[in-house]
Amino acid sequence: MFAVYAKEPNADDPLASLTVGERPDPEVPEGFVRVSVRAASLNMHDVWTLRGVGIKPEQFPMILGCDGAGVLDDGTEVVLHSVVNDPSWRGDDTLDPKRTLLTEKLQGTFADSVVVPERNVLPKPAGLSFTEAATMGTAWLTAYRMLFTKSGLRPGQTMLVQGASGGVSTALVQLGRAAGYRVWVTGRTEEKRALAESLGAHRTFEPGARLPERVDAVFETVGKATWAHSLKSLRPGGIVVVSGSTSGPDPSADLQRVFFLQLRVAGSTMGTRDELADLLSYVDLAGIRPQIGAELPLSDAERGFTDMLEGNTAGKIVFTR
């Protein structure tokens, strides 16, 4: 079958490992289902896979793509849940010490078909296209958990999203506006700030700008480049929710500010199957549609990876078949 895969780990030049070609058709073990992939979205996790992070060398070659949407053999349209749990695990999917994501042990979605455990497929809402549904399992689920499970925000409170145009950031803006939060966003360019405003941001600012007032929560995916600003932007007792560190994982902790103002720092990773089910219901009921920055054929995957690494994004990059 046709696939886009990492042929080997390459920490220094990840795109050199990116390969477009043929891979063997997958077998379907008992308890698993085959999904004919219609659309799959690109995530930074795919770059980490190319670099060899979170995956053992003997797992290569590995088909990339940790989320997507498609059709079961019986014609059912489904969305994929990317977190794969140990069969014996009970509880929050994201806390399972043996959990993996697609592309860490199981082959991914950048292919004609993917095989996953039965519990890892959910019905696709009829109101979402395959392209839109393909963004839900990673970026939008991450944003949903950050907002509604981790932050503790109430409607009417103020949130700041660091970074205006990535998949998680655009999802945070759209979900936050629909839920009744006052949404502020930072963005590096006028175009990125305009995108955030078009998606529902009440106000936008340049990175590091002094805000009119302190906010109740900051949502961080950037890391080192924005961390100091995130902490300075919080009201006493406020919270910063972190789900990524694209600019680096090692900023100054600024512990004096943290303890003196009683700030809270919460990590957030992906989300549970139940949260994904709730997210799918929410976007369907609210009529929210994800921001698609680019829709490309899977054969043009290298272009999508290059755009993401260079920051040329305006929402999610989705590959279609």
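The values are calculated or read from the model by the stated rules, or taken from the named source; none is laboratory data. Remember, it's a predicted structure, so these values are computed and weren't measured experimentally. In this analysis, Cβ positions are derived from the backbone assuming ideal geometry, glycine residues included, and neighbour counts consider all displayed protein chains. For accessibility, only protein heavy atoms count, side chains too; no ligands or nucleic acids. Shrake-Rupley method; radii C 1.70, N 1.55, O 1.52, S 1.80 Å.
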*Using the structure shown, select from Lys7/Lys150; Lys56/Lys124; Lys150/Lys192; Lys56/Lys232; Lys98/Lys316; Lys124/Lys150 the pairs with a Cα to Cα distance greater than 30 angstrom.*
Lys7/Lys150; Lys56/Lys124; Lys56/Lys232
_In the range 289-305, whose amide N lies under 15 Å from the spot 7 Å out along Cα-to-Cβ of Asn312? List them in ranges._
293-297, 300-305
*Take peptides 81-87, 58-64 and line them up by average Cβ neighbours within 10 Å, highest first, as a rough protection proxy.*
81-87, 58-64
_Suppose we keep just the DSSP beta bridges with both residues in the chain; what percent of those would be antiparallel, to 5?_
55
*Cα axis of helix 167-178 to longest principal axis of the chain: angle in degrees, 0 to 90, nearest 10?*
60
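For the range 1-112, what does the alpha-carbon gyration tensor say about shape, rounded, prolate or oblate, given a ≥ b ≥ c as the root eigenvalues, a/c under 1.5 as rounded, and a/b over b/c as prolate? Walk me through the intermediate numbers first.
Numbers: a/c = 1.83, a/b = 1.17, b/c = 1.56.
Judged from the Cα gyration tensor, the range 1-112 comes out oblate (a/c at least 1.5, b/c at or above a/b).
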*asked:* Among 164-174, 298-308, how do they line up by average Cβ neighbours within 10 Å per residue, starting with the highest?
replied: 164-174, 298-308
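Of the peptides 94-103, 20-29, 143-152, how do they stack up when ordered by the mean number of other Cβ atoms within 10 Å, highest first? Walk me through the numbers on the way to the answer.
Details: 94-103: 17.3, 20-29: 12.2, 143-152: 22.1.
In decreasing order of mean packing, 94-103, 20-29, 143-152 become 143-152, 94-103, 20-29.
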*Subtracting the Cα-Cα distance from 0.36 nm times the residue separation, let me have the gained length for Lys105 to Glu191 in nm, one decimal.*
27.1 nm
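How big is the charge dipole of the range 166-321 about its Cα centre, in debye rounded to the nearest 20, if each Lys and Arg gets +1 on its Cβ and each Asp and Glu gets -1 on its Cβ?
500
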_Angle in degrees between helix 273-286 and the longest Cα principal axis of the chain, rounded to the nearest 10_ = 70
*Charges only on Cβ, +1 for Lys and Arg, -1 for Asp and Glu: so what's the dipole of the range 45-163 about the Cα centre, in debye to the nearest 20?*
580
*Per-residue accessible area for His202 at 1.4 Å probe radius, Å² rounded to 10?*
80
*Each label point is 7 Å from the Cα along the Cα-to-Cβ direction; what then is the distance between the points at Leu72 and Ala209, in nm?*
4.8
*asked:* Among (1) 25.2; (2) 22.3; (3) 19.9, only one was calculated for this model; which label is it, if the read-out is Kirkwood radius over Cα pairs in Å?
replied: (3)
*What distance in nm separates the simple spin-label points at Ala179 and Asp86, each placed 7 Å from Cα in the Cβ direction?*
3.1
*Dipole magnitude of the range 107-241, debye to nearest 20 (Cβ charges: Lys/Arg +1, Asp/Glu -1, about Cα centre)*: 520
